[in-house]
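Everything on this sheet refers to the single structure shown next.
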Amino acid sequence: MLSEIVNQGKLVSDEIIISLLSVRLAAGEAKREPGFILDGFPRTIKQAEILEGVTDIDLVVNLKPKEEVLLEKCLGRRICSQCGGNFNVASINMKGENGCPGTVMPPFLPPAHCMSKLIIRSDDTEAVVKERLRIYNEMSQPVEEFYRSRGKLLEFDLPGGIPETWPKLLHALNLDDYEEKQSAAA
Ligand SMILES: [Zn+2]
């Protein structure tokens, strides 16, 4: 059913997504999994409402990169025309201001044999990326409000790349000592 929908270039309906998700969540519960993380879902109020009827969501983390960083990263995307590998040539090094930390994100460079075969997606232009960001912000705002009104939204401004972000994210989630606990248990 899914391949038929996707092959016709159509979007998979909320009902199908939620029913697949329910099956997976039930299987996790049966196996006594301690929890789950949904990445990039729900994207609409309708999806959020259906999800609310299926399971309890403890927390929604809204990861917010700086818009200029996002733009630069999108414009830095490169694909290898031979092996299809995804890379990013953008090297972000923004100075902090007003006591806020700066943002450093190294590029993700391809191996030497891909270097001469890199191509840019035709829709990775500044105008198109800005329009994508505008549409994303417009679409995500009602969903953010949905969870904000339920006291479940955690706004998290990304301070930089993964090395700076990871400890701060663990701190925001009250998981500071998670890795210590893991190693103590091991
Ligand atoms: Zn390649």
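List the strands (runs of 3 or more DSSP E) inside region 1-98, counting only whole elements, that have at least 1 residues being at pLDDT below 90.
On the way: elements: 60-64, 77-80, 86-88, 92-94.
Because the criterion is at least 1 residues that are at pLDDT below 90, the strands (runs of 3 or more DSSP E) in region 1-98 that meet it are 60-64, 92-94.
Between 24, 32, which is of a type outside the set (Gly, Ala, Ser) and on the phi > 0 side of the Ramachandran plot?
On the way: 24 fails: on the phi > 0 side of the Ramachandran plot.
Within the list 24, 32, the selection yields 32.
Residues to consider are 92, 120; find the one that is within 16 Å of the ligand (Cβ to nearest atom), under 30 Å from residue 41 (Cβ atoms), surrounded by 12 or more Cβ atoms within 10 Å (Cβ to Cβ) and in contact (Cβ under 8 Å) with a residue 12 or more places away in the chain. Show your work before the answer.
On the way: 92 fails: within 16 Å of the ligand (Cβ to nearest atom).
Only one candidate passes the filter, namely 120.
Exactly one condition in (1) closer than 30 Å to residue 46 by Cα; (2) surrounded by fewer than 17 Cβ atoms within 10 Å (Cβ to Cβ) is not met by residue 147; state its number.
For residue 147, the exception is condition (2).
When residue 86 is evaluated against the numbered criteria (1) open to solvent by less than 90 Å² (accessible area, probe 1.4 Å); (2) within 16 Å of the ligand (Cβ to nearest atom), which criterion, by number, is the only one it fails?
That leaves (1) as the condition not met.
Within region 53-65, is there a residue that is touching a residue at least 24 places away in the same chain (Cβ under 8 Å) and either within 16 Å of the ligand (Cβ to nearest atom) or farther than 30 Å from residue 28 by Cα (or both)? It would help to see each step written out before you state the result.
Filtering region 53-65 for residues touching a residue at least 24 places away in the same chain (Cβ under 8 Å) gives 54-55, 57-65.
So of that shortlist, the ones also either within 16 Å of the ligand (Cβ to nearest atom) or farther than 30 Å from residue 28 by Cα (or both) come out as 65.
Scanning region 53-65, I find at least one residue that is touching a residue at least 24 places away in the same chain (Cβ under 8 Å) and either within 16 Å of the ligand (Cβ to nearest atom) or farther than 30 Å from residue 28 by Cα (or both), so the answer is yes.
Among the residues in region 69-80, are any more than 30 Å from residue 18 (Cα to Cα), open to solvent by 60 Å² or more (accessible area, probe 1.4 Å) and either of a type in the set (Asp, Glu) or out of contact with any Asp or Glu (no Cβ under 9 Å at 6 or more places or on another chain) (or both)?
yes
Within region 100-117, can you find the residues that are within 11 Å of the ligand (Cβ to nearest atom), of a type in the set (A, V, I, L, M, F, W, C), exposed (fewer than 14 other Cβ atoms within 10 Å of the Cβ) and assigned to a loop (DSSP other than H, G, I, E, B)?
The one that is within 11 Å of the ligand (Cβ to nearest atom), of a type in the set (A, V, I, L, M, F, W, C), exposed (fewer than 14 other Cβ atoms within 10 Å of the Cβ) and assigned to a loop (DSSP other than H, G, I, E, B): 112.
Would you be able to say whether some residue in region 129-152 is at pLDDT below 90, assigned to a loop (DSSP other than H, G, I, E, B) and of a type in the set (A, V, I, L, M, F, W, C)?
No, because not a single residue in region 129-152 is at pLDDT below 90, assigned to a loop (DSSP other than H, G, I, E, B) and of a type in the set (A, V, I, L, M, F, W, C).
The values are calculated or read from the model by the stated rules, or taken from the named source; none is laboratory data. Note that the coordinates shown come from a computational prediction; the quantities given were computed from them, not determined experimentally. Glycine gets a Cβ as well: all are built from the backbone with ideal geometry, and neighbour counts include every protein chain shown. Heads up: the accessible areas ignore ligands, DNA and RNA and are worked out on the full protein's heavy atoms, side chains in. Shrake-Rupley method; radii C 1.70, N 1.55, O 1.52, S 1.80 Å.
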